[in-house]
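S.K.: Before we start, here is the structure in question, set down as structure tokens.
The values are calculated or read from the model by the stated rules, or taken from the named source; none is laboratory data. As the structure is a prediction and not an experimental result, all values here were calculated from the model. Ideal geometry is used to build each Cβ from the backbone, glycine not excepted, and the neighbour counts take in all protein chains shown.
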Amino acid sequence: MPATKRFKINDSVNKKRTSGMYTEVGPAVGKIIDMRVKFDKRDRPGYYLTVKWTDGRTSEHAQHMLVPAP
């Protein structure tokens, strides 16, 4: 089943962190500033989001690593 978009530009998100047996959410909140579609070997789309964090950094993450911020 192909991936579907979960977020839009300017949505607030947190990054998931795996620490051993469970997954926790990171404390930093960021805003989505860009969205790209990358295709895998089987030509299926994957959504990659560029996030601008509150401390000024930017980073790119697959959408499955992000959760909506409260």
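S.K.: Considering segment 22-57 alone, what residues qualify as being touching a strand residue (DSSP E or B) at 6+ places or on another chain (Cβ under 7 Å) and loosely packed, with under 10 Cβ neighbours inside 10 Å?
M.R.: Result: Phe39, Asp40.
S.K.: Check segment 14-21 and report whether any residue there is of a type in the set (Ser, Thr, Tyr) and touching a strand residue (DSSP E or B) at 6+ places or on another chain (Cβ under 6 Å).
M.R.: Of all residues in segment 14-21, those of a type in the set (Ser, Thr, Tyr) come to 18-19.
Cutting the leftovers down to touching a strand residue (DSSP E or B) at 6+ places or on another chain (Cβ under 6 Å) gives us none.
Within segment 14-21, not a single residue is of a type in the set (Ser, Thr, Tyr) and touching a strand residue (DSSP E or B) at 6+ places or on another chain (Cβ under 6 Å).
S.K.: If you don't mind, another one. Considering only segment 56-70, state which residues are at pLDDT 90 or above and assigned to a loop (DSSP other than H, G, I, E, B).
M.R.: Gly56, Arg57, Ala69
S.K.: Looking only at segment 16-44, count every residue that is modelled with pLDDT of 90 or more and either within 11 Å of the chain's Cα centre (by Cα) or assigned to a strand (DSSP E or B) (or both) and tell me the total.
M.R.: The total comes to 10.
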